[in-house]
Amino acid sequence: MDKEYNIGQLSDIAGISSRTLRYYDEIGLLRPSGKNRSGYRFYTQSEVDILHQIMFYRQSGMALNDIKAIICSQDFDPLNAMEQHKEKLLQQRKELDNLIKNAEKTIKMLKGETMMNNKEKFEAFKAGLVEENERKYGKEIREKYGDEAVNARNQKLLDMSREEYRNLEEVNEALNEALRAAVENGDPSSAIAQKACELHRRWLGFYWNFYSKEAHLNLCMMYTQDERFKEYYEKIAEGGAEFLYKAMQIYLA
């Protein structure tokens with residue numbers, strides 16, 4: 001018979017609070033094996049093993065909803081899931097190694113210890129953009145879209161050529177001008193507002209390896225809810241984030 005652990009014992013074993021375990025139970029992520037005769041919930045070795053995997057995923061920054069989708073899947077295979085997660089971590093390490101490498105080159109150049117050619121400067125510039133985006137928005141977008149999508153977005157930016165980046169800047173500039181004119185016009189259904197939405201979709205294409213209307217609309221909704229995104233669009237036009245979201249609802253309909 002498997003050894004049984006009450007919530008306090010499992011809390012001590014895992015080094016997490018009983019409150020966290022109760023929350024995992026509430027959201028259906030880790031339910032107790034059952035209740036003993038005294039009416040107290042208990043866990044067996046099976047739940048201990050699952051909790052170990054949950055904690056591993058959490059340590060690597062994965063959102064609880066993503067963990068639940070993996071753990072609670074009908075065809076969940078612990079070994080296969082961990083091997084896939086390992087591959088994602090290796091990809092993240094590769095990205096971090098590239099960022100560190102480019103940062104070191106830039107530091108040496110700024111100190112006058114070495115020279116960088118234009119290609120190296122461009123690579124360092126792109127690495128800096130990835131690092132800045134991760135620092136500013138990494139947590140939110142990883143929770144919303146998952147590690148795989150964000151890692152793919154970062155890699156797409158790192159792989160971008162100078163010509164592609166110039167095109168990105170041109171689209172971004174045209175988007176800002178169109179949005180500014182559309183807000184001044186005041187009608188989210190106007191031709192200029194819908195042009196801004198189309199340019200925003202094109203702008204996303206430089207970053208996303210996938211596209212769906214739902215994901216696009218959710219992104220614009222996030223612009224209205226996060227103060228940092230709202231501030232960015234406020235600099236383009238007063239109420240820019242809210243206007244873009246309204247216009248995008250029409251565009252994607």
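The values are calculated or read from the model by the stated rules, or taken from the named source; none is laboratory data. If you're wondering where the values come from, they're calculated on a predicted model, not measured in any experiment. When we count neighbours, we look across all protein chains shown, and the Cβ atoms used for this are built from the backbone with ideal geometry, even at glycine. Remember, those area values only see protein heavy atoms, side chains included, never the ligands or the DNA or RNA. Shrake-Rupley method; radii C 1.70, N 1.55, O 1.52, S 1.80 Å.
Structure above, values below:
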{"item": "Carbon plus sulfur fraction of accessible area for the chain, probe 1.4 Å, in percent", "result": "48 percent"}
{"item": "Inter-label distance, nm, simple model (7 Å from Cα along the C-beta direction), residue 94/residue 169", "result": "2.8 nm"}
{"item": "Prolate/oblate/rounded label for segment 18-65 (Cα gyration tensor, a/c 1.5)", "result": "prolate"}
{"item": "Efficiency of FRET from Cβ geometry, residue 52 and residue 120, R₀ 45 Å, rounded to 0.05", "result": "0.55"}
{"item": "Spatial separation of Cα centroids for segment 174-253 and segment 51-81, in angstrom", "result": "34 Å"}
{"item": "Qualifying aspartates and glutamates (Cα of each under 15 Å from Cα of residue 235; at least 8 residues distant if same chain)", "result": "173, 177, 184, 226, 227"}
{"item": "Cubic angstrom per residue, convex hull over Cα atoms of segment 39-156", "result": "143 Å³"}
{"item": "Cα-projected label distance for residue 22 with residue 187, points at 7 Å along beta-carbon direction, nm", "result": "5.6 nm"}
{"item": "Rounded tilt (10° steps) of 162-185 against the dominant C-alpha axis of the chain", "result": "80 degrees"}
{"item": "Potential lengthening between residue 136 and residue 177 on full extension [0.36 nm per residue; Cα-Cα distance subtracted]", "result": "12.3 nm"}
{"item": "Nearby lysines by direct alpha-carbon distance to residue 101 (threshold 17 angstrom, same-chain neighbours under 8 apart not counted)", "result": "111, 119, 121, 126"}
{"item": "Options 138, 233, 220, ranked by Cα towards positive dipole end of segment 133-253, top entry (Cβ charges)", "result": "138"}
{"item": "Reachable lysines from residue 86, criterion Cα separation under 16 angstrom, eight or more residues apart if same chain", "result": "94"}
{"item": "Percent breakdown of C-alpha pair distances by 5 Å bin, ordered from the shortest bin, for segment 1-107", "result": "2, 10, 19, 19, 15, 11, 8, 6, 4, 3, 1, 1, 0, 0"}
{"item": "Gyration tensor verdict on segment 121-162 (Cα atoms; rounded if a/c is under 1.5, prolate if a/b is larger than b/c, oblate otherwise)", "result": "oblate"}
{"item": "Length-normalised contact order for segment 170-253 - Cα pairs under 8 Å, 6+ apart - percent", "result": "37 percent"}
{"item": "Rg to Rh quotient for the chain, alpha carbon positions, Kirkwood Rh", "result": "1.08"}
{"item": "Folded to 0 to 90 degrees: helix 227-236 orientation relative to the chain principal axis, Cα", "result": "10 degrees"}
{"item": "Rg/Rh (Cα only; Kirkwood hydrodynamic radius) as it applies to segment 106-253", "result": "1.02"}
{"item": "Two-site label geometry, residue 252 and residue 210: point separation in nm, points 7 Å out along Cα→Cβ", "result": "1.4 nm"}
